[in-house]
Amino acid sequence: MLRQLYEKNSLKNVVDENNNKVGFGFSLFNRLGTGTIEGGFTLVVDGEEVQPEKIRIEKGGVSSRADEFAKSPVRFTVGDRISFFIERPGGLQPGVHKIVVKAVTREYGKIEFDFSDNIL
């Protein structure tokens, strides 16, 4: 059920002003219910855990690294969107990629879900 948080087709490579792939990003959109994220964000991409300092998270126009985001609880209410940017020179290769999202919430404790999407 948590897989529904993933915003379909949001997985995309990110390019800089010189059109170099500098990483990739995706979004979560809350259609389920309110929760409070207390930290513990972990991303696993195609079986490889991403270092927290390589992850930027944006919610409501405020952006921070995953390890900074974890320092103070964040409400994730219905209708909220959280965007992720993962620094990875060269981005993701074309094809299907599996991403596992892990976090700690006040209401539900540790949560984990995965999704797969295609980079064209």
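The values are calculated or read from the model by the stated rules, or taken from the named source; none is laboratory data. Keep in mind that this is a model prediction, so the values were computed, not measured. Quick reminder, even Gly has a Cβ in these numbers, built from the backbone with ideal geometry, and neighbours come from all protein chains shown.
When Asp80 is tested against (1) in contact (Cβ under 8 Å) with a residue 24 or more places away in the chain; (2) within 18 Å of Gly23 (Cβ to Cβ), exactly one condition is not met: (2). For the residues Gly39, Gly33, the requirement of being over 19 Å from Lys8 (Cβ atoms) and assigned to a strand (DSSP E or B) singles out Gly39. Which of the residues that make up the stretch 45-75 are hydroxyl-bearing (Ser, Thr, Tyr) and either in a helix (DSSP H, G or I) or under 19 Å from Lys12 (Cα atoms) (or both)? Passing the criteria: only Ser63. Close Cβ contacts (under 8 Å, 6 or more residues apart or on different chains) running from residues in the stretch 39-64 that are basic (Lys, Arg) to residues that are not in a strand (DSSP E or B) comprise Lys54/Arg88; Arg56/Ala66; Lys59/Asp80. Please enumerate the residues belonging to the stretch 64-110 that are under 30 Å from Leu120 (Cβ atoms), modelled with pLDDT of 90 or more and basic (Lys, Arg). Residues satisfying the conditions are Arg81, Arg88, Lys98, Lys102. Residues of the stretch 8-29 that are outside any strand (DSSP E or B) and either surrounded by fewer than 18 Cβ atoms within 10 Å (Cβ to Cβ) or among the small types (Gly, Ala, Ser) (or both): Lys8, Asn9, Ser10, Asp16, Glu17, Asn18, Asn19, Asn20. Just wondering, is there one or more residues in the stretch 96-118 that are part of a loop (DSSP other than H, G, I, E, B) and without any contact (Cβ under 8 Å) to a residue 60 or more places away in the chain? No: zero hits.
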